[in-house]
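J.: Below: one structure in structure tokens.
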Amino acid sequence: MKTFKIGGVHPAENKLSAASPIREAGLPKQAVFSMCQHIGAPAKPVVKRGDVVKVGTLLGEAGGFVSAPIYSSVSGKVTKVDVALDASGTRRPAVYVDVDGDEWEESIDRTPDLVKLSDRPNLDSKTIIEKIKNAGIVGMGGATFPCHVKLSPPPGCKAECVIINAVECEPYLTADHRLMLEHPDEILVGVDLIMKAVDVTKGYIGIENNKPDAIALMKEKAQAYPNIEVVPLKVKYPQGGEKQLIDAVVNRQVPAPPAIPINVGAIVQNVGTAFAIYQAVMKNKPLIDRVITVTGKSVKQPSNLLARLGTPFQQLIDECGGLPEDTGKVIGGGPMMGKALLSLEVPMTKGSSGLLIMNEKEARRSEPNPCIRCAKCVSACPMGLEPYLLSTLSDLQDWEKVEANDVTSCIECGSCQFTCPSNRPLLDMIRVGKTTVMGIIRNRSAKK
Ligand code: SF4
Ligand code: SF4
């Protein structure tokens, strides 16, 4: 069975919520919409205090080409345009809406009827990309890169295939798995739309073989789409990394940055993004909600919730039985790549794929010991880096050497830290090095 070639690890899967059907979360009393829910320029608020909005009303317009508009996920009154804490603990521009009822913009088609590409024969590539852009669709696997940018390859690059990332290799998370089981037809139309948008005739859906029910269902449904192939993959973390997925599915290797997947002819989109693209293009629905997994060993009811953007995380946890008494920390995302949250009042955003509540025992970090030069971190690194060296150089603040040792290739997967027998906080140290070097590179380019 296919998988990527370099490195990788096998963390315990802990997919506690895999059998929990998606259920709708309740409406919040107040929704808070960060204007920075994507990579790129923040959105610019277009509403003011006192404005009345509906579900689907534009709150913030895109702040540039690499940006995305933000829409209200609730109806009610704008109470302030201010700042709010995001998941990283930074204050960002935000719009606050006090919720009243649940009134939707009439332009949104809320019927469950499936609309296929063959039902809209006049939809061309430009129109599809424009609709995706206007709906504020971003990469929903967590990267939050504006989707229309990825679907507009730079001059000289031509897409040859679309690869859908349905790997969900992070332990605990099951939102994508449930989405495939409950909305396979909509996802396939979404893939068809992406293929039409970038003018390719081959699409792949990569799914790890720990989801045999999703593989079987997607294969059955994909029979109606001769150009879409479902590719079962051997379970290995981090197969959901773009470069690892491209290697696993089509056996092509993306060179080191600044090379990107399109340089080897591939466009990768998350399966949740394909679903959102279906809703945007065929149902006129902007990105206002998403499926999020709320889970943990002490959580009463590990769940997959369809929640409105802007809902505070605390409310989502309450809907799954409340915060367990033995909570050690709450992670936004999965245990490998996610980050600890400083506050549970932080609102859900377009990139919120999971909330993991770790108990005190799991959250406790073992004391780090000196490096024993076992090279396990080197064998585990899927990018062929030397994590022990990068972490030491970061600690010494030798940024020149950190850069020379390809820190920008690090995908922050945490495989090195997971595998280290000396419990060294490798990822934390490398992240500091990567952030600093990226800043140095940006300053250097700005001066040119
Ligand atoms: S976090 Fe970076 S250095 Fe560590 S294994 Fe992943 S890619 Fe390699
Ligand atoms: S895995 Fe840990 S102990 Fe082994 S070489 Fe890497 S940093 Fe050192």
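Quick note: the coordinates plus some simple rules give every number you see, no bench work behind them. The model shown is predicted, which means the values in this text are computed figures rather than measured ones. Every residue, glycine among them, receives a Cβ derived from its backbone with ideal geometry; neighbour counts consider all protein chains shown.
J.: Let me check against my output: what whole-number percent is the relative contact order of segment 289-363, with C-alpha pairs under 8 Å and at least 6 apart?
T.: Values: 158 pairs, mean separation 29.9, N = 75.
It rounds to 40 percent for segment 289-363.
J.: Return the ratio Rg/(2.2 N^0.38 Å) for segment 408-448, where Rg is computed over Cα atoms only.
T.: Details: Rg = 13.1 Å, N = 41, 2.2 N^0.38 = 9.0 Å.
In units of the 2.2 N^0.38 Å rule of thumb, it is 1.45.
J.: Arrange the following residues from fewest to most other Cβ atoms within 10 Å of their Cβ: His183, His10, His177. All intermediate terms of the calculation are to be shown ahead of the outcome.
T.: Values: His183 21, His10 11, His177 25.
Sorted ascending by nearby Cβ count, the order is His10, His183, His177.
J.: How are the Cα pair distances of segment 376-447 distributed, in percent, across 5 Å bins from 0?
T.: 3, 20, 31, 22, 14, 6, 3, 1, 0
J.: If you don't mind, there's one more thing I want to ask. Kindly write out, for segment 88-99 in residue order, the coupling ³J(HN,Hα) from the Karplus curve 6.51 cos²θ - 1.76 cosθ + 1.60 (θ = phi - 60°), rounded to whole Hz, with x marking Gly and Pro.
T.: Those phi angles translate into 8, x, 9, 7, 10, x, 8, 10, 9, 10, 7, 7 Hz.
J.: Under the Karplus relation 6.51 cos²θ - 1.76 cosθ + 1.60, θ = phi - 60°, what is the ordered set of whole-Hz ³J(HN,Hα) values for segment 436-448, x standing for Gly and Pro?
T.: Values per residue, Gly and Pro as x: 5, 5, 4, x, 4, 5, 4, 4, 4, 5, 5, 7, 5 Hz.
J.: Please arrange Met1, Met35 by how many other C-beta atoms lie within 10 Å of their C-beta, fewest to most. If you can, show how the numbers build up before the last one.
T.: Values: Met1 10, Met35 25.
Going from least to most buried by this count: Met1, Met35.
J.: What is the mean projected area of the alpha carbon convex hull for segment 327-448, to one decimal in square nanometres?
T.: Working: hull surface 36.9 nm².
Mean projected area of the Cα convex hull: 9.2 nm².
J.: For the chain, report the % of Cα-Cα distances exceeding 34 Å. Write out the running numbers ahead of the final one.
T.: On the way: 31179 of 100128 pairs.
Result: 31 percent of Cα pairs exceed 34 Å.
J.: What number, in nm² with one decimal, is the all-direction average of the projected area of the convex hull of the alpha-carbon atoms of segment 85-137? Show your work: numbers first, answer last.
T.: Values: hull surface 26.7 nm².
The directionally averaged projection comes out at 6.7 nm².
J.: Given Cα positions, please report Rg to Rh for segment 29-179, the hydrodynamic radius being the Kirkwood one. Before the final figure, lay out the partial values.
T.: Values: Rg = 17.4 Å, Rh = 17.5 Å.
In segment 29-179, Rg relative to Rh is 0.99.
J.: Sort the following peptides by mean Cβ neighbour count (other Cβ atoms within 10 Å, averaged over residues), highest first: 123-130, 378-385, 438-445. If you can, show how the numbers build up before the last one.
T.: Details: 123-130: 15.4, 378-385: 19.2, 438-445: 11.1.
Peptide ranking by packing, descending: 378-385, 123-130, 438-445.
J.: Also: Using just the C-alpha positions of segment 289-363 as equal point scatterers, what log10 of I(q)/I(0) does the Debye formula give at each q in 0.12, 0.22, 0.24, 0.26 1/Å?
T.: -0.26, -0.92, -1.11, -1.32
J.: Once you charge only the Cβ atoms, +1 for Lys and Arg and -1 for Asp and Glu, what is the size of the charge dipole of the chain about its Cα centre, to the nearest 20 debye? It would help to have the intermediate numbers written out before the result.
T.: Details: 53 positive and 49 negative charges, 200 e Å.
It works out to roughly 960 debye.
J.: Send over the Kirkwood Rh of segment 195-323, from the inverse of the averaged 1/r over different Cα pairs, rounded to one decimal Å. Show your work: numbers first, answer last.
T.: Details: mean 1/r = 0.0578 Å⁻¹.
Mean inverse Cα-Cα distance, inverted, gives 17.3 Å.
J.: With no solvent and one equal point scatterer per Cα, compute the Debye intensity ratio I(q)/I(0) for segment 24-99 at 0.11, 0.14, 0.27 Å⁻¹ and report its log10, rounded to two decimals.
T.: With one equal scatterer per Cα and no solvent, log10 I(q)/I(0) is -0.25, -0.40, -1.28.
J.: Please compute the alpha carbon radius of gyration of segment 101-212, then divide it by the globular-protein estimate 2.2 N^0.38 Å. Two decimals is fine. List each step's numbers first, then the result.
T.: Working: Rg = 15.5 Å, N = 112, 2.2 N^0.38 = 13.2 Å.
It is 1.17.
J.: What number, rounded to the nearest 500 deg cm²/dmol, is the helix-based mean residue ellipticity at 222 nm of the chain, given -39500 (n - 2.57) per DSSP H run of at least four residues and division by all its residues?
T.: Numbers: 14 runs with 126 residues, N = 448.
After summing the helix terms and dividing by residue count, I get -8000 deg cm²/dmol.
J.: Starting at the first residue of segment 121-130, write each ³J(HN,Hα) from the Karplus equation 6.51 cos²θ - 1.76 cosθ + 1.60 with θ = phi - 60°, in whole Hz, x for Gly and Pro.
T.: Computed from phi, the couplings for segment 121-130 are x, 8, 5, 9, 4, 4, 5, 4, 5, 4 Hz.
J.: Sticking with this one: Starting from the exponent 0.38 and prefactor 2.2 Å, build the expected Rg for segment 117-283 from its residue count and divide its actual Cα Rg by it. Numbers along the way, then the final one.
T.: Working: Rg = 14.6 Å, N = 167, 2.2 N^0.38 = 15.4 Å.
Compared with the compact-globule rule of thumb, segment 117-283 sits at 0.95.
J.: Express the Stokes-Einstein translational diffusion coefficient of segment 201-276 in µm² s⁻¹, to the nearest whole number, given a Kirkwood radius over alpha-carbon pairs, 20 °C and a viscosity of 1.002 mPa s. Could the numbers behind the result be given before it?
T.: Details: Rh = 13.3 Å.
Rounded to a whole number, D works out at 161 µm²/s.
J.: Once amide H atoms are placed 1.01 Å from N in the peptide plane, what residues at a sequence separation of 5 or more from Lys339, or on another chain, have their amide H within under 5 Å of its amide H?
T.: It is Gly332, by chain and number.
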